[in-house]
Amino acid sequence: MPTIDGQRVVADLKRLAEFGRYKTGVHRPTYSPVDVESRHWLADKFREAGLDTVIDGIGNVIGRNPRVRRRLLVGSHSETQPYGGWLDGSLGVIYGLELARVFDGDAACVIEVAAWADEEGHYGNYLGSRSFTDALPEEEIDQTRGRDDGTPLREALERAGFAGRPRERVDPSRYIGYLEAHIEQGDTLDTAGLRIGVVETIVGIWNYRVALIGEQNHAGTTRMVRRRDAGVAMVRLATRIHDRFPEIAGPRTVWTIGRMLLEPNAPSVVPGRAEMQVQFRDADIDRLAAIEKALHDLVSEADRAGPCACEIEAIARTEPRPMDPGFQEQIEAAAERHAPGMHMRLPSAAGHDAAVLSYRMPSGMMFIPSLRGISHHWSEDTREEDIMLGAQVFADAAERILRSAR
């Protein structure tokens, strides 16, 4: 059984967190100077672990093992959400680095490591893993712009020094599969007092843009009775959504109206247009479809009732992705060895690169607890003892997967 160096894992995570440090978290957007600097640091660490390493044309850091046996690919993303946490994504990358070290002399256990680019969607969700799996066409790169300032992706890649480099592509015959470790980002493990989560399914995530078109007018001279206030119409529709969805939802269904816009967004003007983005998530495709139908029905009802016109547009969706049953069994066996009775199976309520990789090879995920279920915030944290235990369970699971595939 491999023995990881838990103190080294924690030290590497803390060092990686220095790239973009913000309070107790990290601000490291994709292709920002600190993100680029961190990717070069990771590349150096991968090389020290004996991996032939490149940073490719989309910013992925890929550490390849020169041995000829089939490999287990391990990784996660390394950029962060704005003013986000120090473990989201980084945990899985550093776990992969540690596995490359501890298996370096084992001819039967061959590890390769990836730090994917832009899982967080600063330019487009899962850019790095989609590029690696041939699911990111050049035309999309041409058209993609940053979500915050509209910077063209091509320009961002040029500034980062990645433009013109070849994009690494997957050869499925090279790999036994893909394994990813992550903080849970929810409170299920922490609330239950458990230490390891075995991911069964990664939820589907469906996103819609809803626009309400009224009439822009003077806030003082337009009588209430004749207003077509798009802002009021948006708030009323949002309330109907929150009232209707619980009738359809399952125990783990979630929905969010995370963005609202008003035009012209001025204090003395009745808004003529309003827009909101509605996102919902579930591991059950039929339930997602039922919620989608309810949303369309609510928009149609609001459009008929007036006084504002309503439009709806699907802007992005991912389907629920089950993780490989055999990988789940091996993670569970490793968890029972090192944390008997302190583990559970659960769905991932967040999206992950493992969902993308699962279209090309068997994939699995393991969680460790997030304190108070907080993530995508600088106060995100996990106990060091859980980080170290998770690394040992992860290494044991990887060995079990590799040896069972011989």
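The values are calculated or read from the model by the stated rules, or taken from the named source; none is laboratory data. Predicted model, so just to flag it, every value in this text is computed and none were measured. Here the Cβ positions follow ideal geometry from the backbone for every residue, glycine too, while neighbour counts run over all protein chains shown.
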Where residues in the range 392-406 are in a helix (DSSP H, G or I) and touching a strand residue (DSSP E or B) at 6+ places or on another chain (Cβ under 8 Å), which of them is farthest from Gly177 (Cα to Cα)?
-> Val393
Contact list, first residue from the range 297-317 and loosely packed, with under 13 Cβ neighbours inside 10 Å, second anywhere and aromatic (Phe, Trp, Tyr), beta-carbon distance below 9 Å, six or more apart or interchain, is Glu313/Tyr208; Ala314/Trp206; Ala314/Tyr208; Ile315/Tyr208
Failed criterion for Asp282 (all others in (1) among the acidic types (Asp, Glu); (2) surrounded by fewer than 21 Cβ atoms within 10 Å (Cβ to Cβ); (3) under 28 Å from Ile241 (Cα atoms) hold) = (2)
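Okay, residues lined up against (1) within 25 Å of Arg226 (Cβ to Cβ); (2) out of contact with any helix residue (DSSP H, G or I) (no Cβ under 9 Å at 6 or more places or on another chain); (3) at pLDDT below 95:
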| site | (1), (2), (3) |
| --- | --- |
| Val278 | no, no, no |
| Ile285 | no, yes, no |
| Leu288 | no, yes, no |
| Val299 | yes, no, no |
| Cys310 | yes, no, no |
| Arg321 | no, no, no |
What number of residues in the range 89-99 are within 20 Å of Ile58 (Cα to Cα) and either surrounded by fewer than 24 Cβ atoms within 10 Å (Cβ to Cβ) or of a type in the set (Asp, Glu) (or both)?
-> 0
Hits in the range 102-123 - residues which are buried (at least 24 other Cβ atoms within 10 Å of the Cβ) and out of contact with any strand residue (DSSP E or B) (no Cβ under 9 Å at 6 or more places or on another chain) = His122
Just for the range 218-236: of the residues that are touching a residue at least 40 places away in the same chain (Cβ under 8 Å) and more than 13 Å from Cys308 (Cβ to Cβ), which one is surrounded by the fewest Cβ atoms within 10 Å (Cβ to Cβ)?
-> Gly220
Only one of (1) at pLDDT below 95; (2) of a type in the set (Val, Ile, Thr); (3) part of a strand (DSSP E or B) is not met by Ile62, so which one is it?
-> (1)
Tally the residues that are polar (S, T, N, Q) and modelled with pLDDT under 95, restricting the search to the range 135-191.
-> 1
